[in-house]
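Beneath this line is the structure, given in structure tokens, with notes to follow.
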Amino acid sequence: MWSQDEARFGLQPILKKRWAKKGNRPAAQINPQYEWTWSYGAVEMQTGNSFFLLLPNLQAGSVELFLSEFAAAQGLCKEKIAVLLWDGAPAHRAQLKVPEGIQLVFTPAYTPELNPSERLWSPLRETVANRWFDGIEQMEEVLINGIRDLSKQKEYLSNLTNYGWLPRT
């Protein structure tokens, strides 16, 4: 049983509180460009295994590419099936070509709290918070390193996403 979600990251900064000397206001540079990348992520809630891709948008073609790469990486086929918890994003409701071995289970509309993988994005947003990036490629490098670090923390990912009310098999 896997859970999947996407998050948008862009050059408009994610500003977080930070320490500064009393009387000094901390300054944060911003890049006023509107350029975005999307992180697609899936986590097997019980084990903490994860799969991530950075893609340019949240459109049906990118969603199909994610599903195809996910199925290939997990070795899915008729005999080996992954149940993927899926939210109601517009790109998810499109007529998608779902690869063999993936069974989609939809959460009710407007219930992000029911999707465990929504919790993947907070640690990744920390990696890019309060930082200046010259371009989206530079931000993607930082995100890739953050994803690598996060993917190694299987116990943390399992604790983060393994809701007690979800079925275990």
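The values are calculated or read from the model by the stated rules, or taken from the named source; none is laboratory data. Predicted model, so just to flag it, every value in this text is computed and none were measured. Ideal geometry is used to build each Cβ from the backbone, glycine not excepted, and the neighbour counts take in all protein chains shown. Calculation scope for accessible area: heavy atoms of the full protein, side chains included, ligands and nucleic acids excluded. Shrake-Rupley method; radii C 1.70, N 1.55, O 1.52, S 1.80 Å.
Quick one: with all protein chains in place, what share of the accessible area of the chain is carbon or sulfur, to the nearest percent (1.4 Å probe)? Mind dumping the intermediate values first?
Numbers: 5070 of 9920 Å².
In the chain, the share of accessible area belonging to carbon and sulfur is 51 percent.
Can you put Ile144, Ile136, Ile81 in order of accessible area, largest first, using a 1.4 Å probe? Write down the numbers at each step before the final one.
Numbers: Ile144 70, Ile136 15, Ile81 105 Å².
Sorted by accessible area, descending: Ile81, Ile144, Ile136.
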Distance between segment 74-88 and segment 90-117 - C-alpha centres, whole angstrom: 11 Å
On full extension of the chain, what length is gained from Thr47 through Leu65, given 0.36 nm per residue of separation minus the C-alpha to C-alpha distance? 4.1 nm
Under 18 Å from a point placed 7 Å out from the Cα of Ala72 along the Cα-to-Cβ direction: which residues of segment 82-113 have their backbone N that close? 82, 97-102
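Accessible area, 1.4 Å probe, largest first: how do Trp19, Trp38 sort?
Output order, biggest surface exposure first: Trp19, Trp38.
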Amide H proximity to Trp2 below 5 Å, modelled H, separation 5+ or other chain, gives Val83, Leu84, Leu85
Per residue of the chain, what 222 nm ellipticity follows from adding -39500 (n - 2.57) for every DSSP H run with n ≥ 4, rounded to the nearest 500? -9000 deg cm²/dmol
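Roughly how big is the chain's charge dipole about its Cα centre, with Cβ charges of +1 (Lys, Arg) and -1 (Asp, Glu), in debye to the nearest 20? Intermediate results must be reported in sequence, preceding the final value.
Numbers: 18 positive and 18 negative charges, 162 e Å.
Once rounded to the nearest 20, the dipole reads 780 debye.
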Output wanted: per-residue J couplings in Hz (rounded whole) for segment 104-109, from phi through Karplus 6.51 cos²θ - 1.76 cosθ + 1.60, θ = phi - 60°, x for Gly and Pro. 8, 10, 8, 7, x, 4
Eigenvalues of the Cα gyration tensor times 5, then square-rooted: what semi-axes does that give for the chain, in whole angstrom, largest first? 31, 18, 14
Which whole-Hz couplings ³J(HN,Hα) result when phi for each residue of segment 69-76 is put into the Karplus expression 6.51 cos²θ - 1.76 cosθ + 1.60, θ = phi - 60°, listed in order with x for Gly and Pro? 5, 4, 4, 5, 5, 8, x, 7
Using a 1.4 Å probe and ignoring any ligands, DNA or RNA, find the accessible area of Thr47 and quote it in Å² to the nearest 10. 60 Å²
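Please state the equivalent ellipsoid semi-axes for segment 111-169: what are the square roots of 5 times the Cα gyration tensor eigenvalues, largest first, in whole Å? Please report the intermediate quantities before stating the final value.
Working: eigenvalues 150, 33, 14 Å².
Semi-axes, largest first: 27, 13, 8 Å.
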